[in-house]
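Visitor: A single structure is presented below for examination.
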Amino acid sequence: MAVRLEFLTQDTAEVELARRYWAMDAEGLFLEKVKDLVPFRDLTQSSFLSMRVRKYCIAYDENQFCRQCGGMVLVTKRTEPKKVLQMSDRPCSECEKRTNERELQERQTVREKLQRRVDTYSYQVRFETISYERLSDDVCLLLLAIDALITPKLANGTFKERECEALSPIGCETYLRSLYEQKIIRDDPAAACKEAYFFEDGQLRMRWDKADFFLLPDEMSGRGPVALEKVTERIFTDSEALSNLWLDFAVSDVIRYLVDQCQTYNLPLQSDSIVKIKGIVRQGLRIYSVSQLWSVVWKIVKDAASLASREYYNRTKAAATIPNKIIRQLEKAEQNGGINYSWHRPEKHIAGSLGMMFFKHFELNEYTPGSEALNRLSSLGHQSTKHG
């Protein structure tokens with residue numbers, strides 16, 4: 001017999017049933033069919049026989065040896081024994097149990113180490129402060145836009161990334177990461193779920209989508225609505241910082257429209273093309289409005305989609321022509337006195353709370369020509385000097 005049995009019962013009928021169930025000939029074929037072994041006492045269905053036999057004995061396949069300890073491997077049903085001697089594709093039950101126990105202990109050790117690191121970090125971050133008065137104007141405008149979305153959490157509580165998705169046409173991650181890298185906002189382990197933190201290469205890491213963030217306290221006033229007034233009552237004067245933020249925002253507004261149009265026409269834009277287009281668009285936005293560049297994008301994407309159907313072209317090659325097409329359109333606009341058309345904002349394409357802040361404080365939106373927007377922002381410093 002290729003299967004060795006260890007009996008768990010002394011009942012002779014039960015022992016005999018187990019022997020008959022596992023009995024084989026010299027070639028490893030079972031001597032009796034399962035259906036012929038029932039009925040047995042109260043058992044009438046053959047499909048439950050293997051479960052019953054497991055209560056009567058433990059079966060080991062003598063043709064399979066454990067890859068870890070070399071011992072025989074436990075089998076529980078007729079499909080598992082092998083006809084020739086071979087190494088098992090899984091460890092024996094004892095080795096598997098020891099492995100599971102060891103892995104469980106290792107995971108527990110890692111969890112305990114992770115928790116200690118998280119607790120240490122959580123303790124340290126609570127002593128960090130910043131000066132709200134020394135925050136740059138672009139940071140303050142960003143904080144105002146975030147506050148508009150999550151009030152009163154920016155002043156008093158914590159917030160998650162998903163709560164700030166309506167910050168801009170392309171979401172919030174870029175802006176939140178910038179604030180985080182500048183150590184203006186921090187993550188709060190005490191407020192986050194356990195899955196928010198993990199180890200990677202021995203370093204404590206954070207999952208952005210599961211983390212909870214908070215605005216660091218002011219070094220003089222701490223946290224709260226009164227402290228936040230230093231931000232909400234800011235008089236803006238830094239034209240350079242705000243101009244760069246406006247251009248960043250306006251570029252994202254154009255790129256969002258471009259990506260949507262490319263998806264509509266199934267044109268796959270590569271990441272290097274998007275980087276190139278951002279630089280081209282940023283220069284164009286120094287002169288033209290966002291809505292004017294939307295009209296340029298609309299025409300170019302349609303041209304590229306038409307090009308994709310030509311011989312020797314495909315949609316990937318056609319999409320790769322978009323950066324140079326934008327350059328040529330802007331060159332033509334310069335020669336012909338500007339861009340004649342402007343598009344309205346699509347219904348599902350939001351300006352976001354940052355766009356609302358630009359309009360509220362500076363009356364800038366997608367229809368404002370770039371030259372006018374930059375002139376308006378550049379005058380902020382002069383206004384401050386004049387008023388002073």
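Visitor: Any idea of Thr9's accessible area? Nearest 10 Å², probe 1.4 Å.
Guide: About 30 Å², rounded to the nearest 10.
Visitor: Which one, Glu200, Glu311, Glu366, has the greatest fluctuation when you compute a Gaussian network model over the chain with C-alpha springs under 10 angstrom?
Guide: Glu311
Visitor: Among Leu285, Leu354, Leu29, which one shows the highest mean-square fluctuation when the chain is modelled as a Gaussian network with alpha-carbon springs under 10 Å?
Guide: Leu29
Visitor: How many Å² of accessible area per residue for the range 239-379, probe 1.4 Å?
Guide: That works out to 52 Å² per residue.
Visitor: What is the extension gain from Lys82 to Lys55, computed as 0.36 nm multiplied by their sequence separation minus the C-alpha to C-alpha distance, in nm to one decimal?
Guide: Working it through step by step, the gained length comes to 7.5 nm.
Visitor: Beyond a 19 Å Cα-Cα separation, which of these cross-linked pairs lie in this structure: Lys113/Lys160; Lys160/Lys194; Lys299/Lys332; Lys276/Lys317; Lys210/Lys278?
Guide: Long pairs (Cα-Cα over 19 Å): Lys113/Lys160; Lys210/Lys278.
Visitor: Using only C-alpha atoms and all pairs of different ones, pull out the Kirkwood radius for the range 3-91 in Å with one decimal.
Guide: 13.7 Å
Visitor: Right, next: For every helix of n ≥ 4 consecutive DSSP H residues, a contribution of -39,500 (n - 2.57) applies; sum these over the chain, divide by its total residues, and give [θ] at 222 nm rounded to the nearest 500 deg cm²/dmol.
Guide: -15500 deg cm²/dmol
Visitor: While we're here: Could you name the lysines in cross-link range of Lys230, using Cα to Cα under 17 Å and dropping any fewer than eight places away on the same chain?
Guide: Hits, sequence-local ones excluded: Lys153.
Visitor: How would the range 22-72 be classified by its alpha-carbon gyration tensor: rounded, prolate or oblate, with rounded meaning a/c under 1.5 and the a/b versus b/c comparison settling the rest?
Guide: Oblate shape, in that a/c is at least 1.5 and b/c is the bigger or equal ratio.
Visitor: Taking the Cα centre of the range 102-233 as origin, work out the dipole magnitude from +1 charges on Lys and Arg Cβ and -1 charges on Asp and Glu Cβ, in debye rounded to 20.
Guide: Using only the charged Cβ atoms, the result is roughly 620 debye.
Visitor: I've got another one for you. Quick one: putting +1 on the C-beta of Lys and Arg, -1 on the C-beta of Asp and Glu, what dipole do you get for the chain around its Cα centre, in Debye to the nearest 20?
Guide: Around 800 debye, computed over the chain.
Visitor: Here is a follow-up. Restricting to lysine pairs 8 or more places apart or on different chains, what number in the range 3-91 have Cα atoms under 21 Å apart?
Guide: Lysine pair count for the range 3-91: 7.
Visitor: Given C-alpha coordinates of the range 239-379, what is the ratio Rg to Rh with the Kirkwood estimate of Rh?
Guide: Rg/Rh: 0.99.
Visitor: Still on this structure, I have one more. Long-range amide H contacts for Val3: which residues qualify at under 5 Å (H placed 1.01 Å from N, peptide plane, sequence gap of 5 or more or a different chain)?
Guide: Here the answer is Glu62, since their amide H atoms fall under 5 Å of that of Val3.
Visitor: Roughly how many Å² is the accessible area per residue of the range 3-91, as a whole number, for a 1.4 Å probe?
Guide: 62 Å²
Visitor: Further question: Hey, any idea what % of the chain's accessible area is carbon plus sulfur with a 1.4 Å probe?
Guide: 49 percent
Visitor: Let me ask something additional. Suppose every K and R has +1 on its Cβ and every D and E has -1 on its Cβ; what is the size of the dipole of the range 239-379 about the Cα centre, in Debye to the nearest 20?
Guide: Here the range 239-379 has a charge dipole of around 360 debye.
Visitor: Now a separate question. Compute, for Met72, the solvent-accessible surface of its heavy atoms (probe 1.4 Å) with the complete set of protein chains present, and express it in square angstrom to the nearest 10.
Guide: 60 Å²
Visitor: Choose one answer from Asp303, Asp187, Asp42: the residue with the largest mean-square fluctuation in a GNM of the chain with alpha-carbon springs under 10 Å.
Guide: Highest fluctuation of the listed residues: Asp42.
Visitor: By how many degrees, 0 to 90 and rounded to 10, does the Cα axis of helix 352-362 deviate from the longest principal axis of the chain?
Guide: It is inclined by approximately 20 degrees.
Visitor: With every protein chain left in place and a probe of 1.4 Å, what is the accessible surface of Leu307, to the nearest 10 Å²?
Guide: Here the residue's solvent-accessible area equals roughly 20 Å².
The values are calculated or read from the model by the stated rules, or taken from the named source; none is laboratory data. Please read all numbers here as calculations on a predicted model, not as lab measurements. Note: ideal-geometry Cβ built from the backbone for every residue, glycine included; neighbour counts use all protein chains shown. Side chains included, ligands, DNA and RNA excluded: accessible areas come from the protein's heavy atoms. Shrake-Rupley method; radii C 1.70, N 1.55, O 1.52, S 1.80 Å.
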